[in-house]
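Report on the following structure.
Read-outs: derived from the displayed coordinates by stated rules, not from any lab. Quick caveat, the model's predicted, so the values are computed rather than measured. Neighbour counts are summed over all protein chains in view; Cβ atoms, including those assigned to glycine, are modelled from backbone coordinates with ideal geometry.
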Amino acid sequence: MREGLTVHFDNSTWRKPQCTLEAFGSFIIPELEPTLDDSSVGNPSLVHEITFNGNTYRATNSSIEYAAMASIIWPCLPSTPIDVLEIGGGYGGLARTFLRSREINSYTIVDIPEVGRCSAFFLKEFPNARVIDPE
């Protein structure tokens, strides 16, 4: 039997402060700071140049938010490489954050087909990520 760890994060109850770096910056952990640089994904017109801890990044509001969410989950995870199953992974923003910042054996997202196609596109650079249809 495999041992597992379940981390429940329901972002419908996630209280979002104003989406500014100042609001999120107080609790983004150092390991996730490089994931703020996410200019290669999404709409480039929504990219902001920001400075955080003396480093400059091209960040989107989403990359700042995903780094903040991952900072909450990170302490619950073991330090060894892990297998992740994310149910309802959306477009894969949280997956990208973890895949870019730590060693992941495999990252699987289960979502409806319409959303799964988008997350598969955004995660195509990661060979250990896969998206499956619940059917």
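Backbone geometry of the stretch 68-84 corresponds, through the Karplus equation with coefficients 6.51, -1.76 and 1.60 at θ = phi - 60°, to 3J(HN,Hα) couplings of 5, 5, 4, 5, 6, 7, 3, x, 7, 8, x, 7, 7, x, 10, 9, 10 Hz, x marking Gly and Pro.
Other residues whose C-beta falls under 10 angstrom from the C-beta of Glu125 contribute a net charge of +3, scoring Lys and Arg +1 and Asp and Glu -1. Distances between placed amide hydrogens fall under 5 Å for Leu77 paired with no residue 5 or more residues away or on another chain.
Could you compute the net charge surrounding Asp111? Neighbours are other residues with a C-beta less than 9 Å from the C-beta of Asp111; K and R count +1, D and E count -1. Local charge sum for Asp111: -3.
Our estimate of slack between Ile82 and Ile29, defined as 0.36 nm per intervening residue step minus the Cα-Cα distance, is 17.2 nm.
Less than 9 Å Cβ to Cβ from Ile82, Lys/Arg counted +1 and Asp/Glu -1: what total charge do the surrounding residues give? With Lys, Arg at +1 and Asp, Glu at -1, the neighbours total -1.
In a DSSP loop and with at most 12 other Cβ atoms within 10 Å, the trypsin sites (Lys or Arg not before Pro) in the stretch 74-126 are Lys124.
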